[in-house]
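Please read through the structure below; I'll follow up with questions.
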Amino acid sequence: DEIKRYAVKDILPRIGSMHADAITPADVCTMIEEVAERSKSVARRLFEILSVAFDHGVPRRLPANPCRVLNVSSIVGTQQRRERVKLTLDELRAALAALPGLGRDNELAVRVLLATAVRKGELIRARWSEVDIDAGLWRITDENSKTGAGFVVPLSPIVADWFRELRELADGSLWVLPSRNASYRGRRRGEDHIGETTLNAALVRLGAKDVRDFSPHDLRATARSYLTDELGVDVIVAERCLNHALGGLVGVYDKSDYLTHRRAALALWAQFIADAEQPRAANVLPLVRPGR
């Protein structure tokens, strides 16, 4: 589905009518440059897709792969590694307060990313068949996991309620986050999931005062930092909450999924988010009146 979207939107309109053996490195370069003006990351992905397609064709009928003589970094520039943002408590409160301005579907998606610490793509490609709201479990499949190893995400009651609302908004779609518009000809609204850059674009227009620019992946970094720094969650449990592989001897001998521990940790984190947004009244009564 991902490759089909890229093909229909960017590849076919530019070179779809050409014979494959007539496509030159210059044609590929022109296409990648045009797409890079919109998104360098999409341009890189397109280059990868084209290269694989031409590699498939070379032993069959193509004389050469025109991508082989090109360096995508020379076309779109080198990727600059961006330092991850951990939102401060004040930034977190301001961002949460501004979320309703993005529309309820985007707001709920951002909240789920923050509270579950999953990768953006894992939520975007999630299907309702993989979510058991009543049991508080969301199964991310091997195919949908960046690491290639599926895992189960425990859903706290707060997050489960957000999924219930998302299910109503999905209006019968197979996708947790269905498309709002037809992605390409022949597809109806909701038959595909939202685009890979939809949530990034939403956060760009967040407009929260005194909040640094942040991406969906920064929500994951923020969750990871708060789990250990503020909530005292064990490092191994926090790493497993993010589905990080455990290195060294721990990774070799420790095969536990830590589901019970992760459920408790993410419930604690979800409550922290709720308290940051709407602080609960103190339940301690002073024995001495202020000023005495």
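Filtering region 1-19 down to residues that are in contact with a helix residue (DSSP H, G or I) (Cβ under 9 Å, 6 or more places away or on another chain) and outside any helix (DSSP H, G or I), which residue is nearest to residue 77 (Cα to Cα)?
Selected residue: 16.
Moving to a separate point now. Can you list the helices (runs of 4 or more DSSP H) lying wholly within region 20-87 that have 1 or more residues being hydrophobic (A, V, I, L, M, F, W, C) and without any contact (Cβ under 8 Å) to a residue 40 or more places away in the chain?
Result: 25-36, 40-57.
For every residue, the table says whether it meets (1) of a type in the set (Ser, Thr, Tyr); (2) outside the structural domain of residue 169 (by TED's automatic domain parsing).
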| position | (1), (2) |
| --- | --- |
| 34 | no, yes |
| 51 | yes, yes |
| 60 | no, yes |
| 102 | no, no |
| 105 | no, no |
| 112 | no, no |
| 121 | no, no |
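Considering only region 23-40, how many residues are modelled with pLDDT under 90 and loosely packed, with under 14 Cβ neighbours inside 10 Å?
Residues meeting the conditions: 2.
Working only within region 109-157, note down all residues that are more than 24 Å from residue 1 (Cα to Cα), surrounded by fewer than 22 Cβ atoms within 10 Å (Cβ to Cβ) and hydrophobic (A, V, I, L, M, F, W, C).
133, 135, 137
Could I ask something else about it? Inside region 101-136, can you point out the residues that are in contact with a strand residue (DSSP E or B) (Cβ under 7 Å, 6 or more places away or on another chain) and either closer than 20 Å to residue 272 by Cα or of a type in the set (Phe, Trp, Tyr) (or both)?
116, 118, 136
The values are calculated or read from the model by the stated rules, or taken from the named source; none is laboratory data. Predicted model only: the values in this text are computed from it and were never measured. Reconstructed Cβ throughout: ideal geometry from the backbone, glycine too, with neighbour counts over all protein chains shown.
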